[in-house]
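Note sheet for the following structure.
The values are calculated or read from the model by the stated rules, or taken from the named source; none is laboratory data. Since the structure is predicted, the reported quantities are computational estimates derived from the model, not experimental observations. Please note: Cβ atoms are built from the backbone with ideal geometry, for glycine as well, and neighbour counts cover all protein chains shown. Accessible surface is based on the protein model in full, side chains and every heavy atom, while ligands, DNA and RNA are left aside. Shrake-Rupley method; radii C 1.70, N 1.55, O 1.52, S 1.80 Å.
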Amino acid sequence: MKKITLFILGWIAILIVVAGILLIPAAQACDDFLGLKVAPENRCSEYKRSQYHYPASIEHRIVERQGGRIWSPYTDREFSSIKETDIEHIVAAAEAHDSGLCARPIEDRKKFARDLENLTLASPRVNRWQKSDKDAAEWLPDHHRCWYVQTIVSVKRKWKLSVDQAEADALRAVLEGCD
């Protein structure tokens, strides 16, 4: 009887070890979304907009990248002058700060602020009053949503920024409908 009990206990121990090995990757997968760490936002240092400065001349580089069009992908509207637009961070500076840049050197914050992959044009109404510093869980554009969320994922990967669970869920919901 002792041998059978020890045999059964041995198999139970083996099953527990195997189950633990198999469950560890599943638990880790919950902390990852498309190569991004899923974690609550964290303002680990004071947010100062001045640490995310870019030169006004960058607006001309955005227009060049858009094929010479003064255009906002958020509203799919073309403007006649850059004076009618704002420079817009797709991943807002405050959002990036709370997603990991707060722990990085100020030089990284400045580079992030000037990253053309993360810059577009928007009407002041959309930039200042609708989107502002919101993430994808809080705001999505009326147009080009697939481009928008794909850009967020790309920029956040590039800068090794996290997403919170609500943002990951919103990004996932949009991406499921994309080609």
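Contact map, the stretch 71-86: first residue under 11 Å from residue 126 (Cβ atoms), second residue modelled with pLDDT of 95 or more and open to solvent by 20 Å² or more (accessible area, probe 1.4 Å), Cβ cut-off under 6 Å, separation 6 or more or different chains; pairs are 73/144; 86/124; 86/127. Here is the figure for the stretch 143-153: residues that are buried (at least 16 other Cβ atoms within 10 Å of the Cβ) and part of a loop (DSSP other than H, G, I, E, B) total 1.
Please pick out the residue among 140, 171, 161, 121 that is at pLDDT 95 or above, open to solvent by less than 50 Å² (accessible area, probe 1.4 Å) and assigned to a helix (DSSP H, G or I). Before you say what the answer is, go through the steps one by one.
Details: 140 fails: assigned to a helix (DSSP H, G or I); 161 fails: assigned to a helix (DSSP H, G or I); 121 fails: assigned to a helix (DSSP H, G or I).
Step by step, each of 140, 171, 161, 121 is checked, and only 171 is at pLDDT 95 or above, open to solvent by less than 50 Å² (accessible area, probe 1.4 Å) and assigned to a helix (DSSP H, G or I).
Across the stretch 124-137, the number of residues qualifying as under 16 Å from the mean Cα position of the chain (by Cα) and either open to solvent by 70 Å² or more (accessible area, probe 1.4 Å) or of a type outside the set (Ser, Thr, Tyr) (or both) comes to 6.
So, residue 49, is that one under 19 Å from the mean Cα position of the chain (by Cα) and exposed (fewer than 15 other Cβ atoms within 10 Å of the Cβ) or not?
Values: under 19 Å from the mean Cα position of the chain (by Cα): yes; exposed (fewer than 15 other Cβ atoms within 10 Å of the Cβ): yes.
Here the answer is yes, as residue 49 does meet what is asked.
Among the residues of the stretch 35-69, those that are in contact with a strand residue (DSSP E or B) (Cβ under 9 Å, 6 or more places away or on another chain), in contact (Cβ under 8 Å) with a residue 40 or more places away in the chain and more than 20 Å from residue 132 (Cα to Cα) comprise 36, 37, 38, 39, 61, 63, 65, 66.
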